[in-house]
1. Tell me the angle of helix 13-25 to the major Cα principal axis of the chain, expressed in degrees between 0 and 90 and rounded to the nearest ten.
2. In nm², what is the average projected area of the convex hull enclosing the Cα atoms of region 1-52?
3. Could you list, bin by bin from short to long, the percent of Cα-Cα pairs of the chain in 5 Å steps?
4. Any idea of the accessible area per residue across the chain, 1.4 Å probe, to the nearest Å²?
5. Sorted by accessible area (1.4 Å probe), largest first, how do ASP3, ASP45 line up?
6. Using a 1.4 Å probe over the heavy atoms of the protein chains, calculate the carbon and sulfur portion of the accessible area of the chain as a whole percent.
7. Once both axes come from the Cα atoms, what is the angle between helix 40-49 and the longest principal axis of the chain, in degrees from 0 to 90, rounded to 10?
Amino acid sequence: MADNVVYVGNKAPMNYVLAVITLFNEGNKTVVLKARGRAISTAVDVSELTRNRLLSELKVKEIKIGTEELPRREGGRINTSTIEITLSK
């Protein structure tokens, strides 16, 4: 697992913003936000909060979108959307 990845889930966006800032303060030149499903909008919020309010020198280097096939609890499989937002100094 990469050291510069923040997996976005159900927590408050500011928790992830703090994680991103911490990774940049540790000397990383890029940080990747990864999310899927409903957490995608939170990942976008984290990216924008970090860039617009806290670290204005950050740039969005790359955005990748895709689909993952996941197992369902009831059996079978389901497709879910994914996003990776790469922020760089």
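1. Roughly 50 degrees between the two axes.
2. On the way: hull surface 13.7 nm².
Orientation-averaged projected area of the Cα hull: 3.4 nm².
3. 3, 14, 25, 24, 16, 8, 5, 3, 1, 0
4. Details: 5970 Å² over 89 residues.
For the chain, the per-residue accessible area is 67 Å².
5. Per-residue accessible area, sorted high to low, gives ASP3, ASP45.
6. The computed percentage sits at 47.
7. The answer is roughly 0 degrees.
The values are calculated or read from the model by the stated rules, or taken from the named source; none is laboratory data. Bear in mind that the values here come from a model prediction, so they are computed numbers and not experimental data. The area values use the complete protein model at the heavy-atom level, side chains included, leaving out ligands, DNA and RNA. Shrake-Rupley method; radii C 1.70, N 1.55, O 1.52, S 1.80 Å.
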